[in-house]
1. Using only DSSP helix segments of four residues or longer, with each worth -39500 (n - 2.57), what per-residue ellipticity at 222 nm results for chain B after dividing by its residue count and rounding to 500?
2. Given chain A reduced to its alpha-carbon atoms as identical point scatterers, what log10 I(q)/I(0) does the Debye formula return at q = 0.14 Å⁻¹?
3. Cα axis of helix C:2-32 to longest principal axis of chain C: angle in degrees, 0 to 90, nearest 10?
4. If you average over every viewing direction, what projected area does the convex hull of the Cα atoms of the range C:162-215 give, in nm²?
5. 222 nm [θ] for chain C, helices only, -39500 (n - 2.57) per DSSP H run of 4+, per residue, to 500?
6. Quick one: Kirkwood hydrodynamic radius for the range B:1-148, alpha-carbon pairs, angstrom, one decimal?
7. Take every DSSP beta bridge whose two residues both sit in the protein assembly as shown, then give the antiparallel share in percent to the nearest 5.
8. What is the distance in Å between the Cα centres of the range C:208-265 and the range B:50-97?
Amino acid sequence: MLGLNKRDFSLLLIVAVLALGAPFILNPFPTDSAMAQFNAGYPDLMQRFAIYGIFAIGFNILFGLTGYLSFGHAAFLGVGSYSAVWMFKLLSMNVIPAILLSVIVAGLFALLIGFISLRRSGIYFAILTLAFAQMSFNLAYSVLTPITNGETGLQLTLDDPRILGVSRTADGSIPVTNLFGMEMREFSTLNVGHWSFDFSVGYYVCAVLMLLSFYIAIRIFRSPFGMMLRAIKSNNTRMTYTGLNARPYALAAFVISGMYAGLAGGLLASMDPLAGAERMQWTASGEVVLMTILGGAGTLIGPVLGAGFIKYFENIFSKINDSVLHSWFSFMPDGIENLLVTLVHPFVGKGWHLTLGLLFMLVVIFLPGGLVEGGQRIARLFRRKKPDDAKKSTQSTPAE
Amino acid sequence: MGILEVKNVNKRFGGLQALGDVNLSVAENSVHAIIGPNGAGKSTLLNVLIGKLIPDTGSVMFQGQSVLGRKPYEINQMGISRVFQTPEIFGDLTVLENMMIPIFAKRDGVFRMHALESSHNENEIIDQAEAMLEDLNLQDQRHMHSASMSRGNKRRLEIGMCLAQTPKLLLLDEPTAGMARADTNNTIDLLKQIKDERDITIAIIEHDMHVVFSLAERITVLAQGSPLVEDTPENIKGHPKVREAYLGETAA
Amino acid sequence: MDAIILQILNGLDKGSAYALIALGLTLIFGTLGVVNFAHGALFMIGAFCAVTLSRILNLSYETIDPNKTDFLGNPAKVKTTYVEDWLGPDMGGAIIDWAVPLAILFSIPVMVAIGFVMERGLIKHFYKRPHADQILVTFGLAIVLQEIIKYFYGANPIPTGAPDVFRGSFDFGVMLGFDPNAIIYPYWRLVYFAFAAVIIGGVFAFLQFTTFGMVVRAGMADRETVQLLGINIDKRFTIMFGIAAAVAGLAGVMYAPINSPNYHMGMDFLVLSFVVVVVGGMGSLPGAVLAGFLLGVLESFASMNEIKSILPGIDQIIIYLVAIIILLTRPRGLMGRKGVMEE
């Protein structure tokens, strides 16, 4: 189906069901229950799941397949955002031209940076990409202010030309981003008993594009091109002595992953039409590295899982404060309750980065394959009882 | 006129004359061994042959074209395949994929953007790869990660990957170094079979005399960067100069 | 002319910090072959050693002074630090005033201990793993370390003063025959530069003139051979890691008065220090020091208005630009050895 084998197609199908059903799946708790704070099914967060999923899927095409560790991918995300906002300012509030431009501009930018950076490999490549991204970030803050609006960030104004649209709406406000008239921020709420589910136009635009990105990533992984990329990672020497030029392969992967980042940046701007330089900072590049590795670099589903995991924790874990903790542990005697709250406190709320850092270290040390490898190990534990299945699973691992 | 012609090659590293006036002609469809004690300049010569080192003077011509200063992939596309001292294979890939890559390279050249095709649909390439694995007796392991193969099988796979491209010249750099006796004999048998069945020229740089004398048709002895003698194995065996050059080494 | 001298001086203190961090990074890379992304965090922890000591010294108790009243007319509460109480106001006050220099003594054992724990507990297991894994695990560690500091000290910068004697500035201009106030330079920055010079000199002397240093240098050049000689190089490398951590920590301690410590200062410096290491040449100690000062001074020149007016924004990107050019034209860096991390 769709040029995929059965396994890959079922994977795509699962992801599609999860993505399209996300408003239900992520809101499992009734709105008035104590657990409602763990609901992630609100449009803003779901959009970020999908957008950062795209970012990580793209990063994985470079890092997961070729092994080139870029510490500057946020630059492409930022460039994508700026391009999209400019399209909203100059052309129209329709997201299609904005997204197209962000993908193209990010791709060209990646072509330039990749062409230079790929002259080196290993840590030197990482430093080169880092240097380029930091340069872009610093320039966006300073000299490029006419294009980027410096520290304030690029925003829409009432006197933007918007050739194919209107500068201001009838009631004198800034028009909103839309897809042929469907506004991105529009959503309808479905109430079922105590549950409530939000269906947002913006989220579904992101989800569909995420599925498309995921599908293309599967195709790339399974293509001869993908095989060549894995060959670069595995043994560059043999690659070149086999008559293959590794540089254009790596560059193509770099540009593709830059375009994915541009798409993510364009979508971020489409959901909320502003773009700031901090999106290009190296910590943002670090974040996509964390997502990809946490989920499982080089696997198909890993980056999506990693992105979802980190964004969920960033938004939900960080909301757990002391009073929430007290309510959890309230069934215990006071002394123990306070002790537990004190022990847990540093890891939640504002301290969630600490948890993330620890988790990341644990993954790198014990689970280099990320969450996906973790899942496989657990699955293997259960399967060990049936030796036939175990044999099958080891046989199929090489094909991922 | 041989398929590979080395003329007046000199290479100095600082004060050290690594290669001095090397002249060498490898005849088409022959097995030519280059031997010599440690430090005789074998590795330097090999690096010159594959274009990695550019000599101070002299020329290296393959089928009338110079190889000097060319990139490894260009040299490969000219028809030279190289086998390394420690097997260089794609360890993270399956054995079958290892075998498919050189066939892709032969069909598609140095780069092709076939990002949306499926490698499962490349039936012709898969068939060729499977046939090659069959020849090598590796078909049972085709879904294994190549890193988990035995050393001898890694060597077989590497040689097979080179052959899959039907090169005109196969360069081997101490192909049995660090191998157990059984694996060495296995490799010798494989190379003999290749020599008998295919139109191919083999140049082999080797330390192990057992390997050299079981395979070579012509032998060049290098000593201190220059060719000492070039002759048939029978004549080399009894050659006084060779004994002298080697005695120094064996005594040490 | 005076402007040029001023820029050179301005570049020296930042350059000193770059040089010290890069020196530690290079020691770790050269001896252990590990790319340590947590090195900036060690610098940051050093700065917080200064904060901690100054807080400890300022621990105080309150008494009610019947002779004084606050603005409401109630008897005033007076804070007295324990140090002043025990040692008398003069001695105690002086000790509190000198908290930052005293933190040097306090930080050395702390940093060495942290270094040992890091190396034995974590880094050791990554010697044989690829550089990408080393970068990733130390990157994770850096996040953890900075979050721990943030938890205890909050997210805001904590001003930490230099001793009173070093507050104020030195008028260099007069000394060199320029107009007064042409070149003024804060005393503490001079102290920092001198301090950095002493540490760098100390590390080099240690490597050059002690048997320990000789073995370590040999180990940097050829690890396997040294191991064959039966020398326990691993133990020495652990000590080396402790020393590198201490150097980073000391650089941080003394930097506290220049830039109020905050939890992310380590990351800010790390990126630049890595660039410094690469520009100097991976694995070259003199290269790291030279590149540190060079880039510090270059950065300060680029921020001159005369230069900015010709090349706008150059001050923001000069270091990265230099790094990119050097990496592309001379991947070995200024003084790197051949074959280190080259592919």
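Laboratory data are not the source of any read-out in this text; all were calculated from the coordinates shown. From a predicted model like this one, the values you see are computed outputs, not experimental measurements. Here Cβ is always computed from backbone atoms with ideal geometry, including for glycine, and neighbour counts include all displayed protein chains.
1. Values: 9 runs with 98 residues, N = 252.
So the calculated ellipticity at 222 nm is -11500 deg cm²/dmol.
2. Taking Cα atoms of chain A as identical point scatterers yields -1.33.
3. 60 degrees
4. Numbers: hull surface 20.9 nm².
Hull-based average projected area comes out at 5.2 nm².
5. The per-residue figure over chain C is -23000 deg cm²/dmol.
6. Kirkwood radius, the range B:1-148: 17.9 Å.
7. Numbers: 40 of 58 bridges.
Bridges in the protein assembly as shown are about 70 percent antiparallel.
8. 41 Å
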